[in-house]
Amino acid sequence: MLVKQIENKSIVWFEDNNEYIVVEPLVAEILSLLKNNVEKQEIITRRLNSLNIPHKQAENLVSDIKALLKTNAKEESINKQIEIPTSFEFIKFYQINNLIFQVDFQSDYEMFLVHPKFSHLEIETPNNVNHHYKVYSNKEYISFSINDVLINTWGKNNVHFFQGKFSMKLVEHMHGKKEKDWMGVFHASAISNGKSSMLFLGDSGNGKSTSLALLQANGFNCLADDFVPIDVEKQEVFSFPSAISIKKNSLDTLLPIYPELNSTAEYNFKRLNKIVRYLKPNNSDYTNHLPCKALVFIKYKKNSDLDLKEISKTDAFEQLVPDSWLSPIKENAQSFLNWFTELPCYQLTYSNNEKMIETVSKIFNNDL
């Protein structure tokens with residue numbers, strides 16, 4: 001168990017299930033005592049008697065806190081083997097920097113899960129292939145293999161876990177790092193000014209990708225959209241080559257800037273209840289990695305004044321963690337907590353695009 005003080009709260013990380021919770025410092029202290037097998041009565045004597053609460057209430061409090069130690073880890077995959085098909089309906093080749101990836105899709109179902117966001121990387125049949133991926137499924141399950149070695153199998157109701165693993169393997173091969181070398185992957189958009197990076201976060205529909213598209217049309221570089229990896233060694237934001245997902249309600253804003261969106265294919269993701277088109281990022285060097293300047297929880301709100309304010313670290317943490325993949329390795333979890341503690345966290349609400357772009361520039365330039 002790790003405990004990190006942030007503001008007037010404690011963040012507790014449990015190694016058993018790789019789970020983070022934000023609690024009062026007293027709760028964190030009792031959790032540590034319980035983890036070290038200190039008896040309930042000793043905890044009450046040592047820490048709770050001074051609070052002048054009834055003994056029974058103190059016992060119940062310790063029992064409730066103890067229950068936090070029993071949370072079960074979420075199962076992401078299943079122990080199931082699907083036979084690799086002898087033929088695949090679609091074979092695609094993607095070039096990322098100097099690497100060539102061949103991806104075999106059993107049918108259009110599997111291709112739909114991957115290809116749209118990487119279609120801008122597609123090339124004709126190359127002379128050599130560095131990595132050979134295969135994606136295949138049956139009525140219940142979907143499997144993913146690399147060089148005919150099974151990576152994993154998932155139920156089709158958890159297909160997003162497959163998509164995450166596919167992207168993680170791309171990142172590993174692109175940057176020559178293994179999964180253990182990554183601190184985390186964040187559901188965010190990442191922009192850079194060539195010297196440092198910034199993460200835009202927020203619920204789906206708040207404007208992360210639209211803001212990213214506007215900024216890349218105004219002198220900034222797109223590092224990543226939706227899938228933002230950060231390494232352990234330097235705690236830097238690494239580039240990821242997926243296209244920027246543009247929702248239908250953003251087209252009026254972006255079509256004057258990106259007329260190519262008018263003829264771009266449209267995809268209906270029914271599970272996510274969204275219709276998107278994909279915009280090619282302006283970054284072609286996917287070796288880039290830069291330190292993170294700030295976390296910005298961004299929200300487009302029609303007819304609102306621009307409002308930028310620094311928010312509490314605990315509020316930011318509780319928004320950041322649920323949509324993130326965070327390394328289950330203890331040293332990496334400690335690195336994540338240290339990295340997060342040092343970052344400024346902002347809430348940016350806007351309706352005027354020019355003012356948003358100007359404000360992001362000011363954050364990069366320490367000119368607030």
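The values are calculated or read from the model by the stated rules, or taken from the named source; none is laboratory data. What you see is a predicted model; the values in this text were computed from it and never measured. Glycine gets a Cβ as well: all are built from the backbone with ideal geometry, and neighbour counts include every protein chain shown. Protein only, heavy atoms only, side chains kept; ligands, DNA and RNA dropped before computing areas. Shrake-Rupley method; radii C 1.70, N 1.55, O 1.52, S 1.80 Å.
Summary table below
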item: Given charges at Cβ of Lys, Arg, Asp, Glu: segment 299-368 dipole, positive-most of Phe336, Tyr346, Met356; result: Met356
item: Spatially close lysines, pair count over segment 289-346: Cα under 30 Å, gap of eight or more or interchain; result: 11
item: Solvent accessible area, Å² - Ser263, 1.4 Å probe, full protein context; result: 100 Å²
item: Accessible area (Å², per residue) of segment 1-98, counting only protein heavy atoms and a probe of 1.4 Å; result: 64 Å²
item: Relative contact order of segment 132-267, pairs being alpha-carbon contacts under 8 Å that are 6 or more residues apart, as %; result: 16 percent
item: Gaussian network model of the chain, Cα within-10 Å springs - most flexible of Asn152, Asn49, Asn332; result: Asn49
item: Most mobile of Ile191, Ile82, Ile246 in a GNM of the chain (Cα contacts under 10 Å); result: Ile82
item: Pairs of lysines in segment 169-266 (C-alpha under 17 Å apart; 8 or more residues apart or interchain); result: 9
item: Computed [θ] at 222 nm, deg cm²/dmol, the chain (DSSP H ≥ 4; -39,500 (n - 2.57); rounded to nearest 500); result: -8000 deg cm²/dmol
item: Charge dipole of the chain about the Cα centre (unit charges at C-beta), most positive-ward option of Leu69, Ile230, Ala217; result: Leu69
item: Highest-fluctuation residue, Phe269, Phe340, Phe297 considered, GNM on the chain with Cα pairs under 10 Å; result: Phe269
item: Cβ charges +1 (Lys, Arg) and -1 (Asp, Glu), total dipole of the chain, debye; result: 500 debye
item: Structure-derived semi-axes √(5λ) of the Cα gyration tensor in Å: which label, when the choices are (i) 45, 26, 18; (ii) 37, 21, 18; (iii) 39, 29, 18; result: (iii)
item: Test item: Cα-centred dipole of segment 92-212, Lys/Arg +1 and Asp/Glu -1 on Cβ, debye; result: 320 debye
item: Accessible heavy-atom area order of Val149, Val321, Val114, Val3, highest first, probe of 1.4 Å; result: Val149, Val3, Val321, Val114
item: Heavy-atom accessible surface of segment 1-111: percent carbon and sulfur, 1.4 Å; result: 45 percent
item: Nearest-ten-degree value, helix 330-342 long axis tilted from longest Cα axis of the chain; result: 90 degrees
item: Surface accessible to a 1.4 Å probe, Ile44 within the full protein complex, Å²; result: 0 Å²
item: Charge dipole (debye, nearest 20) of segment 217-277; +1 at Cβ of Lys and Arg, -1 at Cβ of Asp and Glu; result: 400 debye
item: Apportionment of accessible area to carbon and sulfur, segment 281-368, percent (1.4 Å); result: 42 percent
item: Nitroxide proxy distance, nm - points 7 Å out along Cα→Cβ at Val38 and Asn273; result: 4.6 nm
item: Angle between the chain longest axis and helix 353-364 axis [Cα atoms, degrees, rounded to 10]; result: 60 degrees
